[in-house]
Amino acid sequence: MPVHSMKMNRRRFIQASALALTACRMDHPPGLRPPPVILATDIGDDIDDTWALGFLLKSPELSLKLVVTEYGKGPYRAKLLAKFLQTTGHADVPVAVGPQGEPRGEGGLAEWVKNYDLGSYPGRVHTDGVGAMIDVIMKSPEPVTLICIGPMPNVAAALKREPRIAQRARFVGMDGSVRLGYGGAKTPSAEWNIKADPVAAQKGLSAPWDITITPLDTCGLVTLDGARYQRMLQSPDPVAATIIENYRLWSKAGKAEAAAEKHSSVLFDTVAVYLAFSREFCKMERLGLRVDDAGFTVLDDKAKQMNVATEWNNLDGFRDLLVDRLCGG
């Protein structure tokens, strides 16, 4: 390639990076092309990943280019992703299967995909999830937003295989606990996405990409009930209806079937999707955080600086936005 062409390509990428970082710092500017997005998810364990996927599909500020399974159970998670995308009319989104490591098996949504053949998915299915992530990021003419809503072994593997992805992507995750723990407890918790694989989290949350996270301090407070939840139950929208179908099966598998008719579970992962395009409803702090070996995210001024949603400015505003999007309002 001629030298002047390489300089032009590099200049365009730097300009695109600046726009992406601007979008990261404020609401997505009107008229700006939606950034390409990868969703890395451990869908099929907790139900909040399913809600987050639906919310992402209903967010026009983001352009979903790939969904990839995280944290084992690759075939099970891939079938869930494929069937959800196909059922809701989004089978153009490629599905990627992460490495076949631990944990193995299935989860609370196995009933929903017991007869689903991944080979029947109309879209593309990648068998090398780590490679697919790298390809999307490295081949994109503009920076990619990686939304990670599970533990990070595949993200860590991608960074090891191709470290340059950290210069061509920004990371948005549901991770950690800063000042509040599960259920609003006044002491931090070892949050699951970190605790499940602290070594991978240490790599993912210290890499040289721009990082934005929602810890338990904000995402751990999100539930839907009352009139908002009744809208979800009654909505004919394919995304809302498919989420509720999955939630009922998941609740039944957990022997809490009645809950699905009254209120949601805690919708942790939906906040990561929101932070990929807006911060209006959250108080953001720039904090240094490190991951210790026990799975805690510890405040440390010398650690990687990241954008952290530590409090809500308007939790009800977020709940309304979430329901409006999912129900097609």
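Brief remarks on what is shown
- Using 0.36 nm per residue and subtracting the Cα-Cα separation, the extra length available between residue 302 and residue 230 on full extension is 21.3 nm.
- Using a cut-off of 25 Å between Cα atoms, the listed pairs 79/283; 139/203; 139/160; 73/255; 83/252 include 79/283 as exceeding that distance.
- Look at the Cα gyration tensor of the chain: its axes a ≥ b ≥ c give a/c under 1.5, and that counts as rounded.
- FRET efficiency, residue 120 to residue 261 (Cβ-Cβ, R0 30 Å, nearest 0.05): 0.40
- Seen through its C-alpha gyration tensor, with square-root eigenvalues sorted a ≥ b ≥ c, the stretch 158-285 comes out prolate because a/c lies at 1.5 or above while a/b is bigger than b/c.
- The stretch 32-166: C-alpha gyration tensor shape, a/c 1.5 cut-off, then a/b vs b/c: oblate
- Pairwise FRET efficiency - residue 160 versus residue 245, Cβ, R0 = 25 Å, nearest 0.05: 0.10
- Antiparallel bridges, percent of DSSP beta bridges restricted to the chain (to nearest 5): 30 percent
- Spacing of the modelled spin labels on residue 285 and residue 167, each 7 Å from Cα toward Cβ, amounts to 3.3 nm.
- Ordering of 87-100, 109-122 by packing is 87-100, 109-122, highest average first (other Cβ atoms within 10 Å, averaged per residue).
- The chain: calculated mean residue ellipticity at 222 nm from DSSP helix runs of at least 4, using -39500 (n - 2.57): -11500 deg cm²/dmol
- Karplus-derived HN-Hα couplings along the stretch 89-104 (A = 6.51, B = -1.76, C = 1.60, θ = phi - 60°), whole Hz, x at Gly and Pro: x, 10, 6, 7, 7, x, 10, 10, 9, x, x, 7, x, 6, x, 10
- Highest average packing first - 299-311, 52-64, Cβ atoms within 10 Å: 52-64, 299-311
- Cα centroid of the stretch 247-326 to Cα centroid of the stretch 33-95, whole Å: 17 Å
- Compared with the alpha-carbon gap, the fully stretched path from residue 128 to residue 104 is longer by 7.0 nm at 0.36 nm per residue.
A short reminder: the numbers here are calculations on the coordinates, not readings from a lab. These figures come from a predicted structure and were not determined experimentally. FYI the Cβ positions are ideal-geometry reconstructions off the backbone, even for glycines, and counts take in every protein chain you see.
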